Structures are given as C-alpha cells and as structure tokens.
1. Taking the range 42-67, which residues are closer than 15 Å to C181 by Cα and in contact with a Leu (Cβ under 6 Å, 6 or more places away or on another chain)?
2. Mind counting the residues in the range 179-208 that are over 30 Å from F61 (Cβ atoms) and touching a Lys or Arg at 6+ places or on another chain (Cβ under 7 Å)?
3. Return the residues of the range 310-329 that are surrounded by 14 or more Cβ atoms within 10 Å (Cβ to Cβ) and outside any loop (DSSP other than H, G, I, E, B); say none if nothing qualifies.
4. When residues of the range 133-144 are filtered for being buried (at least 19 other Cβ atoms within 10 Å of the Cβ), farther than 13 Å from A98 by Cα and either at pLDDT 95 or above or under 39 Å from the mean Cα position of the chain (by Cα) (or both), how many remain?
5. Could you tell me whether the range 1-17 includes any residue that is open to solvent by less than 80 Å² (accessible area, probe 1.4 Å), at pLDDT 60 or above and in a loop (DSSP other than H, G, I, E, B)?
6. Under the condition of being in contact with an Asp or Glu (Cβ under 8 Å, 6 or more places away or on another chain) and surrounded by 16 or more Cβ atoms within 10 Å (Cβ to Cβ), which residue from the range 421-438 is farthest from D395 (Cα to Cα)?
7. I need the full set of residues from the range 202-240 which are at pLDDT 65 or above, within 17 Å of I39 (Cα to Cα) and crowded, with 19+ Cβ neighbours inside 10 Å, in order please.
8. Among the residues of the range 113-144, how many are of a type in the set (D, E) and over 19 Å from F70 (Cα atoms)?
Amino acid sequence: MKKNLSIIILSVVLICLIVFLFIINKPAESNIKAITVQIDIYENGDIVVGETAILDYDDKFNERWRDIKFDKLHDLNPLFDDIDQSKYINDRAELTEAEITQVIKDGQIVTHRIYTGYSGDGDYDKFGDKIECDPYSDNCESLYVDATNIGGLGGSVEISYKYKIEGMLTQYNDVTELNYCLYEYFEGDVDQISVSVDIIADTSKHKENDFYAYGHGPINGKIIKQVIDKYNITDPDFSFEASDLKKNDFFEIRILMPNEIFTDIDSRNIVEADMFDEIYAYEGKLLKEKNMKFNVKFIIDVLTALIIPSTLIIIFIVYRKYDREYKSSFEGEYYRELPSDIPPAHMSYLYYFGKTVNEDVTATILNLIRKKVLILDDNGEGVNEDDPNYILKYDPENPNNETLQIHEIRLIDLIINDIGDTEKVSFDEIKAYGASYKNAENFQKKMLAFKNDIKKECKNYDFFEKGLTKKKAKVSGYGIGLFIFGVITLFLTFMLELDNLYNLLIIFGLAIIYLLYIASIKKRSKKGNDEYHKWKAYKKFLEEFSTFEDYPIPSIVIWEEYLPYATSLKIADRVMEQLEVNLPSEPIEGGMNLTYMNSFYYRRKQRHFIYAMNSTWISLRMECRQTIASHQIRSSGGGRGGFSGGSSFGGGGGGSRAR
C-alpha cells in the first residue's frame with residue numbers, strides 16, 4: 001500500500017486543487033441572505049406587494065435593479081391552447097405604483113443619502129443610461145438603487161420595495177386565480193425566500209378546502225412548502241417558502257379561490273371558460289414531476305453518501321487481497337554479500353517494481369568492464385577532472401561474451417558499433433553522438449529496446465505475481481460502475497435540472513482515484529519479495545558498512561563487483577565516500593587485477609570514472625532530446641497548432657440585477 005499511497009494522495013490533492021481553483025475563480029458574489037414578500041389580494045383583482053431583500057454583496061457592487069414584470073403570458077400557457085383567443089386577449093395587468101420605500105445599511109436608514117430611480121419615470125442610472133429591464137419589455141418596469149454615496153452595497157444592506165399591480169387576478173367561470181411569478185432570476189444565490197399572501201376581502205362564507213395553493217420552483221432549492229399557514233373563516237393566509245435558490249432559478253405561486261369573494265373584478269380580467277378541472281389536473285401533474293425530481297435527487301444524494309465509505313472499504317479489501325506484499329522469509333536488517341549474481345539491471349527491475357532507471361546503463365557498463373568484455377583506457381594522456389575523456393575498448397575474444405544477456409549485447413552494439421568505430425569509443429564521441437537527428441533517433445530506439453530486453457529477460461525469474469492483470473481488470477469493475485453512475489447522474493442533472501455539482505465531483509473524483517489505484521497495483525511474487533528484501537538489506541549495508549566496527553572491509557576486487565549494484569541502487573556516491581575513508585590511499589602493486597577501480601587510487605580527488613560515465617550518458621540523453629525537439633519544430637514550420645421544476649406560466653416575472 002505504501003508504494004501506491006503517493007498516487008492516492010496525489011489524486012486527492014489534485015481533485016481538491018481543482019475544487020479550490022473553481023472556488024477562488026468564481027466571480028465576485030452578489031448573494032442574497034433573504035427575501036421576504038407580503039402580497040395583499042383585493043376583491044377587485046389588484047395586488048399590492050411589499051418586498052424586502054437582505055443583501056450579502058461583495059464591496060465592489062454599488063447598483064441594484066429590481067425588474068418587475070406584469071404580463072400574464074396567457075399566450076404561452078398550454079392550458080389556453082383550446083380556448084378562443086378572443087376570450088382572454090384583453091386580460092391584462094398593469095403596474096401602477098412602484099417605489100423603493102427604505103434602504104438600511106449596517107443598521108442605519110440611508111434612504112435619503114442614496115440615488116434611486118424608476119424606469120416608469122424615465123430616470124437614468126449613474127452612467128447616464130436609461131433605467132430599464134434587461135431584456136427590455138413593454139410589460140416590465142425597473143426600480144434602481146445607486147449606493148455609491150454610502151460606500152456601495154457591501155456589508156449588511158436591506159432594500160424594501162412596494163408596488164401595485166392592477167388586474168393581476170383572472171376570473172374564470174368556476175374559479176378565480178392568482179398566477180404570479182415573483183422572480184425569474186436573481187443576481188446571485190438566495191439563502192431564503194418567504195412569501196405570505198392575505199386576501200383582503202370577506203371570506204367568511206368559505207371553508208379551508210375551497211382554497212388551493214401551489215408553488216413552483218427548483219427542486220434543489222428545497223421548494224416548495226405549500227401550506228395554508230394560518231386559516232380561519234375571516235382571514236385565510238397562505239405561506240410559501242424556499243431555500244438555497246440559485247441565480248437562474250425562478251419562484252412562482254398560484255392560488256385558486258372561490259369567485260364569490262371577488263365581486264368587483266374588472267370585466268377585462270374575466271375569461272369565459274371553465275378552467276378549475278384543467279388547472280387542478282395540471283398542478284397534479286407538476287406535483288408528480290416535482291416528487292419524481294425530489295426522489296431522484298434524494299436517491300442520488302444517498303448513493304453519493306454511500307459510495308464514499310464503500311470506496312474506502314473496497315480499496316482496503318483490494319489491498320488486502322491483491323496489493324499487500326507477501327511476508328518475507330528474510331527478516332534481517334543487513335545483507336553483507338550479494339544476494340544473487342543476477343545482472344545489476346535485473347536487480348534494478350525487481351527493486352523498482354518493473355522499471356529501469358537511468359543509472360542502469362552506467363551499472364551495466366561497469367559490470368561489463370568488470371567482466372573485461374569492455375576495457376577501460378585512460379586515453380594515454382592522463383584523464384583529468386575537466387576532461388574525463390576515457391576510452392572503452394571491446395574485447396570480442398573474452399569468454400564472458402558467451403554468457404552475456406541480450407540487454408548487455410544491445411548496449412555494446414550501441415556504444416561500440418553505432419557510436420564508436422566497432423572496436424572502441426571515447427567519452428567525447430558518446431557526448432557528441434546525439435548532434436544529428438538520425439543518431440538521436442537511433443539512440444532513442446536502442447534505449448527503448450534496451451529497456452524492453454530487460455523486461456523480457458526478467459520474466460524468467462518470476463519476480464512478480466502472475467495473473468495480476470486479470471485480477472486488476474476484475475476489480476476495476478467497481479470504478480467503471482462509478483463512472484457509469486456519474487454519467488447517469490450527469491444525464492439526470494441536465495434532463496431534470498437538478499443541482500448535482502458536488503455529487504458529480506465526488507462520484508467522478510472517487511472513480512478516478514479508485515481506477516488510478518487499481519492501475520498502480522504491482523505485487524511481487526513470494527520469491528520476488530524475498531529477493532527484494534535481501535537487496536533492500538544489502539543496500540542498507542552498502543550505505544552503512546563504514547560504521548561496522550566488527551566488519552572487515554572487503555577487498556577492492558569485491559568492491560568492483562559491488563559498485564555496479566550500488567550504482568543501480570542510486571547510492572554509488574555514498575559508497576565511494578566511505579571507500580575514500582576506509583581503503584588504502586596508495587595504488588596496489590600490480591593493480592590486483594583491477595579494472596575501473598584501479599584509476600580510483602590515482603585520482604582520488606578528481607572525478608572518478610563512475611561520475612564521468614554518468615555525466616557522459618546524461619549529456620547524450622539531453623542532446624538527443626534537444627535534437628529531436630528542434631527537428632520537430634523545424635518540420636512543423638516553427639510551431640505546432642491544432643484545435644486547441646415546471647412552471648404554471650404565470651404572469652409577472654422579472655428579477656434582480658447588480659453591478
């Protein structure tokens with residue numbers, strides 16, 4: 001699990017970063033804490049609306065518009081499709097009074113200190129533009145506030161409005177209706193909106209079930225609480241509430257009342273049609289749709305909440321079954337000799353979980369020199385730190401050629417035949433090889449083959465668990481299931497207009513994390529794990545051998561065998577530092593049959609061959625990458641381009657805006 005923990009942590013951090021960037025890059029907010037509305041219905045069919053908005057704006061906002069629509073929109077109402085247009089064409093409403101009654105900031109009344117305007121009076125805003133609704137409509141007027149003089153609309157601000165709409169009620173043969181959309185849009189999210197409706201007329205002859213109240217709006221806004229809040233024979237009181245509305249949500253109410261209450265309705269607001277049964281059936285249909293949306297949203301929320309612990313549990317089960325390493329039969333802290341005689345590159349493939357590292361090339365060359373297949377020559381002119389131009393010569397007669405691995409043969413072919421003159425190669429020639437595009441491509445091709453050779457050769461060792469790919473494919477089904485659930489949720493979100501942003505982030509985020517974890521699972525076989533722990537203990541020995549008081553330092557010849565492995569283990573520097581302290585400083589008589597270690601005695605304070613080889617190979621890799629990149633840029637002409645809940649169609653509408 002430890003080897004994959006970084007992947008899981010990185011995935012979580014990445015998802016959190018995306019969410020964080022999404023949050024911090026949101027535009028300045030003009031949210032609304034609460035909107036309270038009081039609607040009084042009069043027996044002549046007029047309504048008087050008192051409204052207070054409690055704002056939660058950023059300091060940058062100075063202006064607010066309250067757009068008030070009063071069109072009844074009968075031509076868009078599907079219930080009017082079968083009614084003769086002449087019966088309702090005159091049923092219109094008119095906004096006759098509208099004003100901003102009070103503005104409070106930080107507890108102080110500041111109405112007299114700010115500029116207010118009204119489109120019905122032909123007023124203009126602070127920039128000299130005519131105040132009007134957006135988009136403009138003949139059946140819409142706008143109330144305007146400019147709070148620049150009081151430091152803007154930031155902080156705690158309350159704006160109160162009052163307006164009167166004549167003829168807002170429509171009376172049919174069998175019922176009188178208030179069908180009114182208070183808001184089609186907001187300037188920001190709304191925490192809470194509440195609407196109270198009073199009938200200012202005699203209702204004493206009617207019972208509670210003579211009245212019907214409906215509300216329409218977004219299901220994700222926990223809408224709608226549809227109740228008659230207080231009811232008595234003399235004063236029926238309807239209450240509508242919603243919370244957590246988004247800026248593009250709407251808020252609409254519909255109330256059906258007995259005709260007998262409204263005896264003074266203007267004749268133009270009377271439609272000769274029986275509509276109660278149709279309206280009642282239509283609202284029942286909308287209610288079913290709302291309940292369906294609510295149930296779908298509830299199911300998605302529950303499943304989203306369940307997949308969080310479920311994913312963690314499944315990851316733990318998968319780890320226990322497929323990812324947790326076998327217990328090693330070797331439990332020692334140090335291993336003081338080579339655990340096996342496999343080549344350094346094969347050891348590295350085991351140690352780094354099926355990967356080859358850059359140091360494997362240097363380690364392989366060191367091992368070939370140790371076997372005397374390659375001969376290290378100091379170029380006959382005294383290699384120095386500034387110009388470590390060693391020469392590598394190939395000895396085709398060496399008997400060790402018969403036992404070379406394929407990856408070793410391929411590396412010899414590259415450095416001796418491709419880069420060198422088939423007999424030898426200097427470090428300067430290696431560094432310069434990548435200057436041409438053809439050579440750079442050949443190098444990349446040969447190095448890829450070098451890695452693939454190691455991978456194929458290591459299959460003979462059974463280092464890793466067999467059948468793991470099929471097992472991973474099997475358990476990947478859960479992650480694929482999460483993705484399918486996410487796609488279904490996304491589809492339902494658009495089809496039903498649900499607010500599932502956080503659900504989608506959680507679902508797809510967990511799916512990505514889970515599948516990344518499954519893809520990262522690698523497990524050594526029992527044999528491979530035993531070998532790995534021995535090499536791990538051997539690495540610790542190489543790092544700390546100079547601290548062992550009871551351990552005799554091995555001979556220099558042994559260290560020539562050890563250093564290729566130290567190189568692949570990326571601790572050659574540490575080992576060399578210890579050798580400088582513990583090995584004799586003068587050269588050994590006859591060289592003790594040494595190969596590359598012999599030069600170490602003469603150049604203790606200069607760059608050693610290992611460092612020179614690493615530096616040379618790094619230079620070649622960088623040169624090849626740069627050559628290929630430059631060639632691709634030239635070939636493309638200097639750069640790369642490319643394809644970089646239902647409505648009752650009530651009258652009214654409008655909304656609020658800010659700037």
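1. R66
2. Summing the residues that are over 30 Å from F61 (Cβ atoms) and touching a Lys or Arg at 6+ places or on another chain (Cβ under 7 Å) in the range 179-208 gives 1.
3. Residues satisfying the conditions are S310, T311, I314, I315, V318, Y319, Y322, D323.
4. Residues in the range 133-144 being buried (at least 19 other Cβ atoms within 10 Å of the Cβ), farther than 13 Å from A98 by Cα and either at pLDDT 95 or above or under 39 Å from the mean Cα position of the chain (by Cα) (or both): 1 in total.
5. Within the range 1-17, not a single residue is open to solvent by less than 80 Å² (accessible area, probe 1.4 Å), at pLDDT 60 or above and in a loop (DSSP other than H, G, I, E, B).
6. That would be G434.
7. Residues satisfying the conditions are T203, A213, Y214, G215, H216, F238, F240.
8. So the answer is 3.
The values are calculated or read from the model by the stated rules, or taken from the named source; none is laboratory data. Just so it is clear, the model here is predicted, and its values are computed rather than measured. Glycine also receives a Cβ, built like all others from the backbone with ideal geometry; neighbour counts cover every protein chain displayed. Keep in mind that these areas ignore ligands, DNA and RNA; they rest on the heavy atoms of the full protein, side chains included. Shrake-Rupley method; radii C 1.70, N 1.55, O 1.52, S 1.80 Å.
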